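Okay, so here's the structure we're looking at.
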Amino acid sequence: MAIQQTLSIIKPDAVAKNVIGDIIRRFEENGLSVVAARMMHLSAEQAGGFYAVHKERPFYKDLCAFMSSGPVLVMALEGKNAVALNRQLMGATNPKEAEEGTIRADHADSIDANAVHGSDSEENAAIEIAYFFNSLDVNSRS
Ligand code: ADP
Ligand code: MG
């Protein structure tokens, strides 16, 4: 399987719960390495730009408000099959449907406050990493 990079965001709810370390531990123990990291407090506009694909969705405004409600940790992760592996470790969008032992099953409270973001394709991963990081700030570990 190919080495890939993917974008992960530890959302404001999980940062507030002080579980950054637990989430990164899950990534590292499952073969993903942090290759870029940035703690940020996004403006609603910055969150809106990131989630532009969801602009027409009814939850878009609430999503932007939530994502700008407190600091987040934005990371690029690297590893074998990183995009799908990260999604697997995250669990389903709605924590009620998330498989036992996933990040969202353990740390998410609702479909809005669901602890983490992860890119859904390699193509979107490249776009999302470039939204937050300059190429010089991404330090490949492979
Ligand atoms: P994921 O984060 O699992 O890729 P989506 O890309 O579909 O999920 O949606 C982006 C984010 O928007 C979700 O993580 C969640 O926080 C929020 N969201 C998605 N669907 C809903 C919904 N039906 N109601 C409220 N918020 C939602
Ligand atoms: Mg998504």
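The values are calculated or read from the model by the stated rules, or taken from the named source; none is laboratory data. Just so we're clear, the structure is a prediction, and the values are computed from it rather than from any experiment. Positions of Cβ are generated from backbone atoms using ideal geometry, with glycine treated the same way; all protein chains shown enter the neighbour counts. To get the accessible areas, we keep the full protein, side chains included, count just its heavy atoms, and leave off ligands, DNA and RNA. Shrake-Rupley method; radii C 1.70, N 1.55, O 1.52, S 1.80 Å.
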Roughly speaking, what is the stretch gain from ARG38 to GLU97, that is 0.36 nm per residue apart minus the C-alpha to C-alpha distance, in nm to one decimal? 18.3 nm
The chain - percent of accessible surface contributed by carbon and sulfur, probe 1.4 Å: 49
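Count charges around SER119 for me, please; just the other residues with Cβ under 15 Å from its Cβ, Lys/Arg as +1, Asp/Glu as -1.
Working: positive: LYS11, ARG87; negative: GLU78, ASP120, GLU122, GLU123, GLU128.
My count for the surroundings of SER119 gives -3.
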Along the stretch 94-99, Karplus-curve 3J(HN,Hα) (6.51, -1.76, 1.60; θ = phi - 60°) to the nearest Hz, with x for Gly and Pro, reads 8, x, 5, 9, 6, 5
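Whats the longest run of the chain with zero GluC sites (Glu not before Pro) that are DSSP loop and have at most 15 other Cβ atoms within 10 Å?
Details: sites that count: GLU56, GLU99, GLU100.
Answer from the scan: 1-55.
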How much net charge surrounds LEU73 when only the other residues with a Cβ under 10 Å from the Cβ of LEU73 are counted, with Lys and Arg +1 and Asp and Glu -1? +2
Cα-based Rg of the chain normalised by 2.2 N^0.38 Å, two decimals: 0.97
Provide, for q = 0.13, 0.21 Å⁻¹, the log10 of I(q)/I(0) from a solvent-free Debye sum over equal Cα point scatterers in the stretch 1-74. -0.45, -0.96
How high is the FRET efficiency from VAL53 to ASP22, r the C-beta distance, R0 35 Å, rounded to 0.05? 0.75
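Over the stretch 44-91, give the accessible area per residue in Å² for a 1.4 Å probe, as an integer. Show your work: numbers first, answer last.
Numbers: 2370 Å² over 48 residues.
Dividing the accessible area of the stretch 44-91 by its residue count gives 49 Å².
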